[in-house]
Every structure is written in structure tokens, then in C-alpha cells.
Amino acid sequence: MIPLIGLLIGIILGLFLKVDIPAAYSTYVPVAILAALDSVFGGFRAYLEGKFESDIFISGFFGNVIIASLLAYLGDRLNVPIYLAAVFVFGSRLFNNFAIIRRLILSMARSKNVRRKNDEV
Amino acid sequence: MRRVSSQLWVGIICMILGFMITYQLRYIKTPKYQYTTRQFENLVKEAEDLKKQRDELQKKVEEYQKRIDEIEQSVASTNKIASKMKEELDNLRVLAGLTDVEGPGIEITITPINDISNKQPSQIYYKDLIDIVNELNSAGAEAISINGERYVGRTQIRQAGLSIKINDSKFDPSQPFVIKAIGDPAILEGAFKMPDSIIEVLKKIGGFDIKIVRSNNIKISKYNKLLEYKFVKGSR
């Protein structure tokens, strides 16, 4: 519940708050978003698996975001598109996490169904 | 207690994520087309109509110019002072670039190369044109035109959006530019043979096909816009 509320507040803030991130840094934001999305999905997966630990989640979130942005910055400096590595890794992990989440949810639903059938019988 | 604080942290992180995503979406908002297709068609039609109108008006101007010439001629033929004045007037017109002129000179054609063999799309930069005109003037050119636009004292050559504006007419900088100049062909051409001349620089940069042709009969048309002083007051 609290995460959803947080998400809503963030969206509202993003819509109405006038923050000016300097244009030079705006290229790093997409990579940071990807990193953040990846850790949130990872956190959700850990939660479903019952292994969720908030300190790992929090450190992973900020660490991923910072490293992704730093990589993108370094790539810009060296004129090598290193940010592609971040995009690739986080992208594939996103899909992985999503696949596992899907499986977990489906198996949960299935086991619930089975239980209900057993109750009926 | 620990559960609540960890939930709070997750909430904060979701907030940051939501903020970043919405911020980014707002930042790269793609510009929408201001006009619908139908409006676009209408605008194109309007532009064409206006072009037609302009051409007709230009024709009218020429007609009136002819009538003025006739009147001047008839006055000049009856009166000696008038004929002297007419001569002077004609001379001044030539000097001001208000007449079609012809004579020996050169023709420079600059064609930006925009095919596959050239990696970067090349465009003519308005300052290059200014440099060329300047060079021509210093080489003693007596009349200059760029793409048929006569270069006179009040000619502007400047970037206007995506096009180059010369005498209030707009030209596409990725299209060929033809610069004509009347003067001593050898001197005019020689001005661009120096190693640091603008043409050589353009050749070195690449992406342009530049031709300089000498000719004994360069035709340059007159300045075809209205020359009018609103603020200048004459004093003698």
C-alpha cells in the first residue's frame, strides 16, 4: 500500500514540481530510470519469494542508479557508448525478473485454486 | 516497527522512481504538429495563391516601370535639360543596381553534396556567402548576384530559420548557390586561387562541388525589391 502511495506522490511531484535538472545531465536520467526499475522489479520478486530485505533493496536501488549514471557519464567522457552496457544488462534483468514474477504469481493462483477445489470436495 | 520503516523506505523509492519517470516523460515531450492535414492543405493553397499574387504584382511593377521609361523618354526628347537629367538618372540607376546589366565576369556554382558518398549532410553557411561577396567586391566586381538576387547596398545575407535570406527571398542552404559577378574575369577568379581564400577553405572542408566559370557575357538582373527610405533625410 505504502509503495503505491509513494509512486502516486512521485508522479504528482514530477507533474507539478518545476525542477530544472541541467540539460547536460538529462541524458543520464533514462539510464538511472532503467536501473531504478530493475531494482524495484527485483525487490518485488524477492518479496514474492519471501526473501525481501529492505536494506538490500535500498542499497541496491541507490547503488544501481549511481553506478548506471556514472557509467553513462564515463562513456560520454571516453566517447564510448558504455551506457549501452547498462541498458543491456538492466533490460535483460528486467525481463528475467518479470518472467519469474509471472511464474510465481501464476503458481500462487494455481495453488489457491487447488486448495479451493480440495475444500469443495 | 522495523516492518513499517522498511515499507516507508520502499514507498520513498517508489516515489523517486515515479518522479524520475514523469519528469523524463515531461522533458522529452515530442512536439505535436500544430496543424491538422486539412489545415496544412489550406495553408499550402494559401501560400500558392500568395505566390501567384506576388508574381502578378511583379508583372505590374514591370509594366509601370516601362511606362515610366516611356514618359521619361518622351520628356527627354522634347527638352535638352530633361535629356541631360534623364542620362544622369539612368547612370544612377545602373550604379544603384536597378537595371539589368551584362558584361565579362565569372560564375561560381557551389553545390552541396548530399548523396551516399558524403557521410555528413552538407549545407552552405551564410557567412561563406558573405565572405565570397566580400572577396568579389575587393577584387573589383561591379555587379554581383546570388541566385538571381542582385547584391546592392541594402542586401542582407543571413540565416532565417532553416533557410538563407537574401534580399528577403529565402533559399534552401542544401541547394546549389550560383554567384555571378561582373568584372575582370582574371582578377575575380584569381581572388579565389589564393591558398587561404574562402573557396579553397570550402574545398578543404569538403562536401561541396565548387565550379568557377569565366565568361564574357554574364547577365545579372536588377534589384527587384522596393528601395525606399523611411528615415533618411537628404541633405546637400
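The values are calculated or read from the model by the stated rules, or taken from the named source; none is laboratory data. The shown structure was predicted, so the numbers you read here are calculated from the model rather than taken from an experiment. Glycine gets a Cβ as well: all are built from the backbone with ideal geometry, and neighbour counts include every protein chain shown.
Only one of these conditions is not met by residue B:167: (1) surrounded by 13 or more Cβ atoms within 10 Å (Cβ to Cβ); (2) out of contact with any Asp or Glu (no Cβ under 6 Å at 6 or more places or on another chain). Which number is it? Result: residue B:167 passes all but (2). With respect to residue B:88, determine if the residue is exposed (fewer than 15 other Cβ atoms within 10 Å of the Cβ) and either among the aliphatic types (A, V, I, L, M) or over 22 Å from the mean Cα position of the chain (by Cα) (or both). Considered against the rule, which asks whether it is exposed (fewer than 15 other Cβ atoms within 10 Å of the Cβ) and either among the aliphatic types (A, V, I, L, M) or over 22 Å from the mean Cα position of the chain (by Cα) (or both), residue B:88 comes out as yes. Going by the structure shown, is residue A:38 closer than 18 Å to residue B:18 by Cβ and acidic (Asp, Glu)? Answer is yes for this residue. Among the criteria (1) more than 10 Å from every other protein chain (Cβ to nearest Cβ); (2) more than 16 Å from residue B:12 (Cα to Cα), the one residue A:41 does not fulfil is (2).
Assessment of region A:2-17 against the conditions (within 13 Å of the chain's Cα centre (by Cα) and on the phi < 0 side of the Ramachandran plot) yields at least one matching residue.
With respect to residue A:73, is the statement that it is within 23 Å of residue A:3 (Cβ to Cβ) and in a helix (DSSP H, G or I) true? No; evaluated as a whole, the condition is false for this residue.
Yes/no matrix, rows are residues, columns are (1) over 30 Å from residue A:33 (Cα atoms); (2) hydroxyl-bearing (Ser, Thr, Tyr); (3) at pLDDT 85 or above:
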| position | (1), (2), (3) |
| --- | --- |
| B:25 | no, no, no |
| B:29 | no, no, no |
| B:42 | yes, no, yes |
| B:49 | yes, no, yes |
| B:53 | yes, no, yes |
| B:74 | yes, yes, no |
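As for region A:15-26, it holds no residue that is surrounded by 15 or more Cβ atoms within 10 Å (Cβ to Cβ) and either within 11 Å of chain B (Cβ to nearest Cβ) or farther than 21 Å from residue B:14 by Cα (or both).
Here the condition is being surrounded by fewer than 16 Cβ atoms within 10 Å (Cβ to Cβ) and either in contact with a strand residue (DSSP E or B) (Cβ under 6 Å, 6 or more places away or on another chain) or within 14 Å of chain B (Cβ to nearest Cβ) (or both); of A:91, A:63, it holds for A:63 alone. Residue B:108 meets each of the listed conditions (1) in a loop (DSSP other than H, G, I, E, B); (2) surrounded by 15 or more Cβ atoms within 10 Å (Cβ to Cβ) apart from (1). So, residue A:55, is that one more than 7 Å from chain B (Cβ to nearest Cβ), over 14 Å from the mean Cα position of the chain (by Cα), under 14 Å from residue B:13 (Cα atoms) and assigned to a helix (DSSP H, G or I) or not? So residue A:55 fits the description; yes.
Here's the yes/no breakdown for (1) within 21 Å of residue B:93 (Cβ to Cβ); (2) in contact with a Leu (Cβ under 6 Å, 6 or more places away or on another chain); (3) surrounded by fewer than 18 Cβ atoms within 10 Å (Cβ to Cβ); (4) not assigned by TED's automatic domain parsing to the domain that holds residue B:105:
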site	(1), (2), (3), (4)
B:130	no, no, yes, no
B:137	yes, no, yes, no
B:155	yes, no, no, no
B:174	no, no, yes, no
B:181	yes, yes, no, no
B:191	no, no, no, no
